[in-house]
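Q: This is the structure, below, for whatever I ask next.
Laboratory data are not the source of any read-out in this text; all were calculated from the coordinates shown. For clarity, every value in this text was computed on a predicted model and none was experimentally measured. Note that each Cβ is placed from the backbone with ideal geometry, even for glycine, and that neighbours are counted across all protein chains shown.
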Amino acid sequence: MAESAVPLLSSLEAIVGEANVLTAEADVAPYVSDWRDAFHGRARAVVRPGSTAEVSSVVRCCAQRSAGIVPQGGNTSLCGGATPHATGVEIVLSLARLNRVRALDPANATLTVEAGVVLAAVQQAADAAGLLFPLSLAAEGSCTIGGNLSTNAGGTAVLRYGNARDLVLGVEVVLADGRVWGGLKGLRKDNTGYDLKQLFLGSEGTLGIITAAVLKLFPKPRVSATAFAALADVDAAVALLGELKPALGDRLTGFELVSRPSVDVTRRIFPAFADPLPGHPWYALIQADDPAADSPLASQLEAALATAVESGTARDATIAQSAAQADALWSLREHIPEAQRREGLNIKHDVSLPVSSVPAFLREAQARLDAAFRGVRYVVFGHLGDGNLHYNLVAPPDVAPAAFLLESPRVHRIVYDLVRELGGSFSAEHGIGQLKRGELARYKSELELELMRRVKHALDPGDLLNPGKVV
């Protein structure tokens, strides 16, 4: 009997084993809703391969039957990029069992890992070798490196180390027809034509399925300094960033902007968190690191902040005196998304702008939104060092959150039109997924869209890989 005539699920069970093809509703449920509980789908099955060879066979099997495949890592997508549609005809391809560290090369400062390795485990593997993998974000305990690479994750250290795509030297990818491209090179220089790996990094599993990657490692910091500065406004935050860059150089790892309402919502949900500097409208969370054991980094940061307070750039500042205090400051920042999720529905944006344009954006966006939605409330935070804001709106006190959520299209037009006016992007680090496909069509030029569609058709002519996402 021809393979294509064998029922799909039977063929998949023959590849990965019956225990790794999930069809019972209770077993499938965790894989078909997103972290925000905003997208809900159905799946013919959840398939859990345990190797690249099995991924290849699963993809080939699905391709022969024109069955759509939704790749999924830790299922922490914020745009519905890893959630199947409601049709129930797709399979979810979970990469969680591809969780091996394949190789560590300390002399080359590289780590080769499979796609299902949790980000925190990647960090730990690097740390055990006395090195650093710098990608860091709030979901690092559950998100996987494959998901991070497929969405080009950002996080808190982009200012110094760049986005996820900047941390990759090579990838292994299963293509839409099941063939495997073994691009696991650990080279920092390879000028032999197109850099194919960059097609798959940030493509959200629509062009190929990343199964492994060679990651760049860096010297492990031996001295770290963390500070929290109080600010009058965001103009002061931009000014402080400008003062710290020459004072600290490339040792400045992160510069996070946090609004007072962001602190308030986090402390309402997590009252055990301390309030480092009460009573100010804006804050900057600053992280600096140095691999030199005898570095005067802490005193240099203290001196720079003292000068900033003296000149009026900052209102006040506190510097963590221990690792525990530093962790507490970062926990306050990193729990903002979870606090917002628990508190209720809100309208979210993940935008990027030139750093110099951030103050103007915040002023003008608030003016336009206040005029359209009287009493609307703002929870704003993000990675000011690279111009990335998480710009979230909460319903006015007299409006039900669910009713306010219905205004999302009008809110998005106001926010994203202004972002475009200021030369920014409506998606900084969360991707497109299902959530922002309409925005992509609205804000990308026809030529850009045409080129993206050409690439998609060349690599996945049957539209089987994560169908209905991105383009």
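Q: List the residues of the range 162-199 whose backbone N lies under 14 Å from a point placed 7 Å from the Cα of Leu451 along the Cα-to-Cβ direction.
A: 195, 199
Q: For the pair Asn108/Asp37, report the inter-label distance in nm, with labels modelled 7 Å from Cα in the Cβ direction.
A: If labels sit at Asn108 and Asp37, their model points lie 4.6 nm apart.
Q: Still on this structure, please answer the following. For the pair Arg342 and Ala274, what calculated FRET efficiency results from E = 1/(1 + (r/R0)^6), where r is the Cβ-Cβ distance and R0 = 22 Å, to the nearest 0.05?
A: Values: r = 19 Å, r/R0 = 0.88.
Efficiency at R0 = 22 Å is approximately 0.70.
Q: Mind sorting Ser331, Ser57 by how few other Cβ atoms lie within 10 Å of their own Cβ, fewest first? Intermediate results must be reported in sequence, preceding the final value.
A: On the way: Ser331 15, Ser57 19.
Fewest to most other Cβ atoms nearby, the residues stand as Ser331, Ser57.
Q: Once amide H atoms are placed 1.01 Å from N in the peptide plane, what residues at a sequence separation of 5 or more from Thr110, or on another chain, have their amide H within under 5 Å of its amide H?
A: Here Asp105, Leu217 satisfy the definition.
Q: In degrees, nearest 10, range 0 to 90: what is the angle between the Cα axis of helix 119-128 and the longest Cα principal axis of the chain?
A: With both axes taken from Cα atoms, the answer is about 70 degrees.
Q: Continuing with this model, one more query. By how many nm would the segment from Ala441 to Glu18 lengthen if fully extended, with 0.36 nm per residue of separation less the alpha-carbon distance?
A: Numbers: separation 423, 0.36 × 423 = 152.28 nm, distance 4.11 nm.
Contour length minus the Cα-Cα distance gives 148.2 nm.
Q: Another question, if that's okay. Let a ≥ b ≥ c be the square roots of the eigenvalues of the Cα gyration tensor of the range 3-94; is it rounded (a/c under 1.5), or, if not, prolate (a/b larger than b/c) or oblate?
A: Numbers: a/c = 1.84, a/b = 1.72, b/c = 1.07.
Prolate shape, in that a/c is at least 1.5 and a/b is the bigger ratio.
Q: Moving on. Based on the mean of other Cβ atoms within 10 Å per residue, sort peptides 139-147, 31-39 so the most packed one is first. Please list the in-between numbers first.
A: Details: 139-147: 23.4, 31-39: 18.4.
Final packing ranking: 139-147, 31-39.
Q: So if R0 is 22 Å, what FRET efficiency would Glu310 and Ala232 give, r being the distance between their Cβ atoms, rounded to the nearest 0.05? Mind dumping the intermediate values first?
A: Details: r = 15 Å, r/R0 = 0.67.
It comes out at approximately 0.90.
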